[in-house]
Amino acid sequence: MTFLASVYLWLLPLISLPLIFHLLKKRNIKNISFSTLRFFNLIEDSSLKKINLVNILLLIIRTLIILFFILIISKPYLNGLSRDNRDKSKDICIILVDNSYSNKNSLDRNYKSLIKQITDAYDDESVINIGIMNNDYFIHDTFNKNFNYEINPINISYGSHPLNISDLLNDADFSMYDNKDIFIISDMHQKLFENKIDYNLDDWNIFLYKLEPNNDTYISSLNIKNDFILKDDLIEIDITVVNNTDQDIEDEEIMLFIDGTNVASNICNIKSKNNALYSFKTTISTTGNHNCYFTLNESNKYFFNINIDNNTNIAVISNSISNSKYLLNALEAFNDVSNTVNIQTFTSDEFIRNNLKFNSVVKFDTSDMDNELLNRIYLFTDNLIILPSNTLDMATISDYFKLDINGQVKNNSLGNSYISINKNLISDKNIKNFFTKDNTVKIYNYFELPKSKNSIILLDNNISFLNQYKKNNKTLSLFSSPFDIESSNLVINSAFFPMINHLIVQSNNRYNYEIGDTIFFSNTNISDKVLHITNNDTSTYTFGNLYKSGLEIKKPGYHKFIYSGNEFNISSNININEHEHTESNSSDMGKIFTQYDFIDNLNDLSYILNTHIAGKHLWRYFLYIIILLIIIEMYLSNIYVYKND
């Protein structure tokens, strides 16, 4: 144990004060007159011994309270070691820079100067390594401080990355170094400390330097209000703009571009630390994919796609026409308006022999759902919707998506009563817009599908009405109530058509992703090539390399994938977490580091390093002990007082 303020240890003789007071009190004898000695015989020896024991315990406790108080103000450290400054060649400094997008502005301004300030605190013979969060190798390895003038600007990653100390340190031997320091330069975003570190850092000194997050202006959400989009139709788009800066935005122009042409604009005025909703209207005269973006300035863009299909192919698998008639009527109504929806109906046995691809497949009834049928469906579509009838059997679904729901789900029929959809607990923003205050959806018959992280719509009793599962680009939307008038009024509710369009027809669905999302490819031979075109850069992969891990999206913008005669267009934007800063707290950091120090001013770093003592603070533990001892002392003192009374 080491003490940072050892001068206070001279106060240790004060621990004898309780003993001194105790001895002085024993010498303070008083003569008391009394008439008879016969009552003394009533006092038992055990009572006297008990009182003496309490006095001894109180003496010990009061002595310990003073002892621990002196230790606290002496700032004790466990395994406290001062730096060995004799051989500078045995100093190693590892600088880890969080190059996530949320640090971009700070790093653009200060990266080189921060590295210089840290390296200037070390000797020419010291070893310095620099790493970034999205690499498992050092970008600058084993150089001395004079090398810092050659450091290039850091490459900013557009995603969020956890602390990667394990990846950088596990393959190297640092046992020859006496002083081992790690500097972490970051805005200390909560994402940084999500994963545990598989590396022993007991011999390392951890220093944290906090960067200011970007605090910029950004578009946080986009909503296309049309239920479905046809060419030459008026398209209505709402966007939410957030001003996270310290300055008000006044008369700044927001522009909408479609296929490189400015088609609409709006004037933006937002107070500092506020947000505002802006609406745009436009039309598109051709079918196919259209690359779109909103811009506040040249460096702040929000990308999205609008795809106007020539045809949408939908398969409906049902062994009973009574189960599917309401959905089929709705799909026919879509086709009457757009003339772009092709509907084909199958029984389960018929679909096993199908060889056509579909945009969506709707399966009624789960009683005959087995692995063969499910795999056959996903061979010809990426989007499956399942609706129960008399039963809801989760065995095959749970096996495919690795769920903990097995077997039959219990049915609950409410008779003349009903339960409603809880509009406040709808997690999908687009679906939530379909349910207004005036259109109450009444559920009379449902299966008790438990609430989970996959729940999109919940009932008032917290039972799930709609769950959505995803696996390798395959989506399953599972309803817990049949689509018929006996089970709910949804089929005659105003929310029915928008929901059918959103989940099944998907006429205005945008293929929007965030940085860090993964694209999986299916229906492809293992030797086939996948061509990835993004921002005029082209990369080629083999399907065999992407089959299990997929392709991670790393840059914002438009992405086109060409494989097996298919063409797939998406857009990607910076993860919203990089804009909405959530700072880590001491609890998050405590899960990673047993001890660490924040550095506020790098100008004093040389002094901090030379005076730094490594180890674990103990004063908190001593404070807890003092509190416990005081409680025990109060308890024993009260016993003694009451006995005397």
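The values are calculated or read from the model by the stated rules, or taken from the named source; none is laboratory data. Please read these numbers as outputs of a predicted model, since none were measured by experiment. Every residue, glycine as well, gets a Cβ built from its backbone with ideal geometry; the counts of neighbours run over all protein chains shown. Please note that ligands, DNA and RNA were not included when accessible areas were found on the heavy atoms of the full protein model with its side chains. Shrake-Rupley method; radii C 1.70, N 1.55, O 1.52, S 1.80 Å.
Tell me, which residue of the range 409-453 that is of a type in the set (Phe, Trp, Tyr), in contact with a strand residue (DSSP E or B) (Cβ under 8 Å, 6 or more places away or on another chain) and assigned to a loop (DSSP other than H, G, I, E, B) is nearest to Ile224 (Cα to Cα)?
Checking each candidate, the answer is Phe435.
Kindly indicate whether any position in the range 256-267 is in contact with a Leu (Cβ under 6 Å, 6 or more places away or on another chain) and more than 18 Å from Glu580 (Cβ to Cβ).
Yes, because at least one residue in the range 256-267 is in contact with a Leu (Cβ under 6 Å, 6 or more places away or on another chain) and more than 18 Å from Glu580 (Cβ to Cβ).
If you take the residues of the range 301-350 that are open to solvent by less than 50 Å² (accessible area, probe 1.4 Å) and in contact with a Pro (Cβ under 8 Å, 6 or more places away or on another chain), which of them is nearest to Leu503 (Cα to Cα)?
The qualifying residue nearest to Leu503 (Cα to Cα) is Asn323.
Can you pull out every residue in the range 51-71 that is among the β-branched types (Val, Ile, Thr), open to solvent by less than 40 Å² (accessible area, probe 1.4 Å) and within 13 Å of Ile630 (Cα to Cα)?
Within the range 51-71, Ile61, Thr63, Ile65 meet the criteria.
State the number of residues belonging to the range 351-396 that are surrounded by 17 or more Cβ atoms within 10 Å (Cβ to Cβ) and of a type in the set (Asp, Glu).
Number satisfying all stated conditions: 3.
Considering the range 271-291 alone, what residues qualify as being within 16 Å of Asn215 (Cα to Cα) and either crowded, with 19+ Cβ neighbours inside 10 Å or among the hydroxyl-bearing types (Ser, Thr, Tyr) (or both)?
Listed by number, the list holds a single entry, Ser272.
Whether any residue in the range 353-361 is of a type in the set (S, T, N, Q) and touching a residue at least 60 places away in the same chain (Cβ under 8 Å) is what I want to check.
Yes, the range 353-361 has at least one match.
Is it the case that Arg83 is under 30 Å from Asp136 (Cβ atoms), modelled with pLDDT under 75 and not polar (S, T, N, Q)?
In short, yes.
How many residues are farther than 30 Å from Arg109 by Cβ and open to solvent by 30 Å² or more (accessible area, probe 1.4 Å) when one looks only at the range 227-266?
So the count comes out to 15.
Quick check: anything in the range 269-277 more than 29 Å from the chain's Cα centre (by Cα) and charged (D, E, K, R)?
no
Quick one: Phe294 ticks every box in (1) free of Cβ contacts under 8 Å to residues at least 40 places away in the same chain; (2) within 33 Å of the chain's Cα centre (by Cα); (3) open to solvent by less than 30 Å² (accessible area, probe 1.4 Å) bar one, so which box is it?
Exception for Phe294: condition (1).
On the given criteria, is Ser166 modelled with pLDDT under 85, touching a Ser or Thr at 6+ places or on another chain (Cβ under 9 Å) and of a type outside the set (A, V, I, L, M)?
Taking the combined requirement at face value, the residue does not satisfy it.
What single numbered condition from (1) open to solvent by less than 40 Å² (accessible area, probe 1.4 Å); (2) out of contact with any Lys or Arg (no Cβ under 7 Å at 6 or more places or on another chain); (3) of a type outside the set (Gly, Ala, Ser) fails to hold for Ile426?
Condition (2) is where Ile426 drops out.
Pick from the range 551-565 the residues that are in contact (Cβ under 8 Å) with a residue 12 or more places away in the chain and open to solvent by 40 Å² or more (accessible area, probe 1.4 Å): which of them is farthest from the chain's Cα centre (by Cα)?
Ranking the candidates gives Ser564 first.
Filter the range 517-562 down to residues that are farther than 26 Å from Ile377 by Cα and either modelled with pLDDT under 85 or among the basic types (Lys, Arg) (or both), then give me how many there are.
Selection size over the range 517-562: 4.
Can you pull out the residues in the range 170-192 that are more than 29 Å from Lys301 (Cβ to Cβ) and either buried (at least 22 other Cβ atoms within 10 Å of the Cβ) or among the acidic types (Asp, Glu) (or both)?
Matches in the range 170-192: Asp171, Asp173, Asp178, Asn179, Asp181, Ile182, Phe183, Ile184.
Which of the residues belonging to the range 475-491 are open to solvent by 10 Å² or more (accessible area, probe 1.4 Å) and farther than 16 Å from Ser413 by Cβ?
Thr475, Val491, listed by residue number.
Could you tell me whether any residue of the range 295-302 is of a type in the set (D, E, K, R), modelled with pLDDT of 85 or more and in a strand (DSSP E or B)?
Looking for residues that are of a type in the set (D, E, K, R), modelled with pLDDT of 85 or more and in a strand (DSSP E or B), one finds at least one in the range 295-302, hence yes.
Here's the yes/no breakdown for (1) modelled with pLDDT under 95; (2) assigned to a helix (DSSP H, G or I); (3) under 25 Å from Phe447 (Cβ atoms); (4) in contact with a strand residue (DSSP E or B) (Cβ under 6 Å, 6 or more places away or on another chain):
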{"position": "Asn329", "(1), (2), (3), (4)": "yes, yes, yes, no"}
{"position": "Ala333", "(1), (2), (3), (4)": "yes, yes, no, no"}
{"position": "Asp336", "(1), (2), (3), (4)": "yes, yes, no, no"}
{"position": "Ile343", "(1), (2), (3), (4)": "yes, no, no, yes"}
{"position": "Met369", "(1), (2), (3), (4)": "yes, no, yes, no"}
{"position": "Arg376", "(1), (2), (3), (4)": "yes, yes, yes, no"}
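Restricting to the range 138-155, count the residues that are in contact with an Asp or Glu (Cβ under 8 Å, 6 or more places away or on another chain) and either modelled with pLDDT of 75 or more or assigned to a loop (DSSP other than H, G, I, E, B) (or both).
Here the count works out to 2.
More than 38 Å from the chain's Cα centre (by Cα), over 17 Å from Asp484 (Cα atoms) and touching a residue at least 60 places away in the same chain (Cβ under 8 Å), is that true of Thr312?
Considered against the rule, which asks whether it is more than 38 Å from the chain's Cα centre (by Cα), over 17 Å from Asp484 (Cα atoms) and touching a residue at least 60 places away in the same chain (Cβ under 8 Å), Thr312 comes out as no.
Please identify the pairs in which a residue from the range 434-454 that is under 11 Å from Leu490 (Cβ atoms) and touching a residue at least 60 places away in the same chain (Cβ under 8 Å) has its Cβ atom under 9 Å from the Cβ atom of a residue that is of a type in the set (A, V, I, L, M, F, W, C) and open to solvent by 50 Å² or more (accessible area, probe 1.4 Å), counting only partners at least 6 apart or on another chain.
Partner pairs satisfying both residue conditions: Phe434/Phe497.
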